[in-house]
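Before any comments, here is the structure.
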Amino acid sequence: MEFEDLYQEIILDHYRKPRNICEGDDTGHICVKHENPLCGDELSLHMKMNRNDTIKDICYRARGCSISISSASIMTEAVKGLKKNEAMELIEAVRRMMHGEVVGDDLGDIEALQGVAKFPVRVKCALLAWMALKDALQSPYRQR
Amino acid sequence: MTENLVNSKEARIKYLDQDKISRDFPILKRKVKGKRLVYLDSAATSQKPRQVIQKISEYYERYNANPHRGIHTLSGESTEAYEGARTRLARFLNAPANGVVFTKNCTEAINLVAYSWARRRLVAGDEILCTVMDHHSNIVPWQMVAADTGVKLRYVPVTDEGDLDLSKLDELVTGKTRLVAVTGASNVLGTITQLESLIESARAVGALVLVDGAQLVPHVPVDFKAMGADFLAIAGHKMLGPTGIGALVARPELLEEMEPFLGGGGMILDLTLEGSKWIEPPWKFEAGTPMVAEAIGLRAAVDYLEEIGMEAIRQHEKKLVNYALKEFAKIEDFHLYGELGPERHTATFSFNIGDSRGGIIHPHDVGTYFDSLGLAIRAGHHCAKPLMRRFKVVSMSRASCYLYNSESDIDKLVDAIHKARKFFTGV
């Protein structure tokens, strides 16, 4: 059933109990905001880098559907501590996954997003957080 | 006499045969995701009875030909059928047949007025009054006119209950107002608007009135002459007809004075290399080969609607509204937009389901989940972004009913709402 592929238990768990929602103040963070005007999803991502180019801290605030919220939750868990180039590779892997490619079986919770590829209209929801991350990583203003 | 009429109407209402009606719509037998389809998206487009589908097939199988042009038998039959559809639609709406211009949809009908009337008549300083409730198709054409001419747009606000707020109408309709463009019924809230007051105010200042009838004509008996509007735009596919046909209904004298919207074949009295003379309306506005099959389909739809009776359909929908409002009121953390009661409400319901932590379950999640249960609803901004902003939401879920829906469909909807909340929130 395609429906169960989309709303896997891992997705629902991240949606019901989203991880890494921003709480404190954002001083010194790289902040990017992405929107999907079609469905009104909105995500602002806040990130801090270590001097050695690894993601020190990452959190988000979001308004959106279960797919975009859970994807953001899964993403922030997955990339914390990763080097910039590792995170960029992961973004590319998720992007390819959303286009129906099989990208390996060692991606943890990210694999739960595989089912979204069967729902083309929801791919943008899943990619919102990952595209925001890409933007943040490429931001010229990031702190070192 | 009057009493007989009332009695006969009541008799028909009583016997509105739900089983027969659903048998007439082949698509309603379809299964979606293994479940019997519950179609609750008629405000987007209605389903078609086999009577309509058959008439369209019959045209292509027996007398397909270009109307108005040929002298052979088929062309004659095609012309007769196309023009017959115009007469039939005019009678259905109590409008003069020479005031009925066929268009490809309701949007084109509105644009025809924007291009052929507003752009040529209005100048900077003039005002067009729209509403916050209207569909983009009755806002965007006027914004385009405003950008080209310097005309000012003003908007009637919407109350919390989902009504047009006419409390400041005196300030909105002034000597500068040249056109009032308003929907007859909201595609989101189901609200049937106060056309009478709006038309009266417009009359008082000499402004014209365009009614977007896309959501009104399929559900409420409409008498164009009695209504007193100058223009009425309709969509065939929302009233059991095929896609690709709509109409602009207008006072014929206005059409006389207007220049064509599109130029081409079929609208020329005489043409020299120096210029052309137009034939009379409505044909003046129908350049190119018209939508013959679609007009024939629309005629069959009108026949079908009148066979059942628009008053009976209205009563049926009032019953559904009554039932739905009662059932919705029992649901906790549920937001219904537009609650004016059955007299002012078509059976279109827009809502959001609370997620029991202060937010809402996103309508796209609701729509996907409902689909897995066989329920077809619409989720999104419904081409009414100003109205979404008015209610401080980005999107809504919408369930919209028609004559083939029953109270049991409302039960399935309510059941699906409970299930969706449990599924997404886990509580």
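Values for this structure:
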read-out: Kirkwood Rh in Å, taken over the protein assembly as shown so that all alpha-carbon pairs contribute; value: 26.3
read-out: With at most 12 neighbouring Cβ atoms within 10 Å, loop GluC sites (Glu not before Pro) (DSSP) excluded, longest segment of chain B; value: B:1-273
read-out: Proximal lysine pairs, the range A:66-144, alpha carbons under 18 Å, eight or more residues apart or interchain; value: 4
read-out: Translational diffusion coefficient (Stokes-Einstein; Kirkwood radius from C-alpha pairs) of the range B:313-398 at 4 °C, 1.567 mPa s, in µm²/s; value: 94
read-out: Per-residue HN-Hα couplings for the range B:403-408 [Karplus 6.51, -1.76, 1.60; θ = phi - 60°; Hz; x = Gly/Pro]; value: 4, 8, 8, 10, 4, 5
read-out: Spatially near lysine pairs across the range B:10-77, Cα under 17 Å, sequence gap of 8 or more or different chains; value: 4
read-out: Per-pair calculated FRET efficiency, R0 = 51 Å: B:Asp148 and B:Glu200 via Cβ, rounded to 0.05; value: 0.95
read-out: Dipole axis of chain B (+1 Lys, Arg; -1 Asp, Glu on Cβ), positive-most option in B:Phe424, B:Gly275, B:Ala124; value: B:Phe424
read-out: Residues B:Leu189, B:Leu195 arranged by fewest to most Cβ contacts within 10 Å; value: B:Leu195, B:Leu189
read-out: Within-10-Å neighbourhood charge of B:Tyr59 [Cβ basis; K, R +1; D, E -1]; value: -2
read-out: Calculated [θ] (222 nm, deg cm²/dmol) that DSSP helices of n ≥ 4 give over the protein assembly as shown, each run adding -39,500 (n - 2.57); value: -12000 deg cm²/dmol
read-out: Separation in nanometres of the label points that stand 7 Å from Cα toward Cβ, at B:Ala376 and B:Thr174; value: 4.7
read-out: Projected-area average for the range B:52-307 over all orientations - Cα convex hull basis, square nanometres; value: 14.3
read-out: Derived scalar couplings ³J(HN,Hα) [the range B:177-189; Karplus, 6.51 cos²θ - 1.76 cosθ + 1.60; whole Hz; x for Gly, Pro]; value: 5, 10, 8, 10, 10, 9, 7, x, 8, 6, 6, 9, 7
read-out: Of A:Glu111, A:Glu77, A:Glu89, the one that fluctuates the most in a GNM where chain A has Cα springs shorter than 10 Å; value: A:Glu89
read-out: Gaussian network model of chain B, Cα within-10 Å springs - most flexible of B:Gly236, B:Gly213, B:Gly263; value: B:Gly263
read-out: Exposure proxy order (Cβ contacts within 10 Å, fewest to most) of B:Tyr402, B:Tyr63, B:Tyr304; value: B:Tyr63, B:Tyr304, B:Tyr402
read-out: Listed residues A:Ile69, B:Asn138, B:Leu179: farthest to the positive end of the dipole of the protein assembly as shown (Cβ charges); value: A:Ile69
read-out: Leading residue at positive end of dipole, the protein assembly as shown (Cβ point charges), from A:Phe3, B:Pro242, A:Cys39; value: A:Phe3
read-out: Net dipole in debye of the range A:2-138 [+1 Lys, Arg Cβ; -1 Asp, Glu Cβ; about Cα centre; nearest 20]; value: 460
read-out: Förster radius 35 Å - calculated FRET efficiency between A:Glu35 and B:Glu259 (Cβ-Cβ, nearest 0.05); value: 0.25
read-out: Inter-probe distance in nm under a simple model that places probes 7 Å from Cα toward Cβ, at A:Asp25 and A:Asn52; value: 3.0
read-out: Bins of 20 Å, starting at 0 and running to the largest distance - Cα pair percent for chain B; value: 25, 55, 19, 1
read-out: Simple label model, 7 Å out from Cα along Cβ direction - B:Arg30 to B:Ile331, nm; value: 2.4
read-out: Which of B:Asp163, A:Asp13 has the fewest Cβ neighbours within 10 Å, and the rest in rising order; value: A:Asp13, B:Asp163
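Just so you know, all these numbers are worked out from the coordinates, no wet-lab data involved. What you are looking at is a predicted structure, and each value in this text was computed from that prediction instead of being measured. Because the Cβ atoms are built from the backbone with ideal geometry, glycine has one as well, and the counts that use them run over all protein chains shown.
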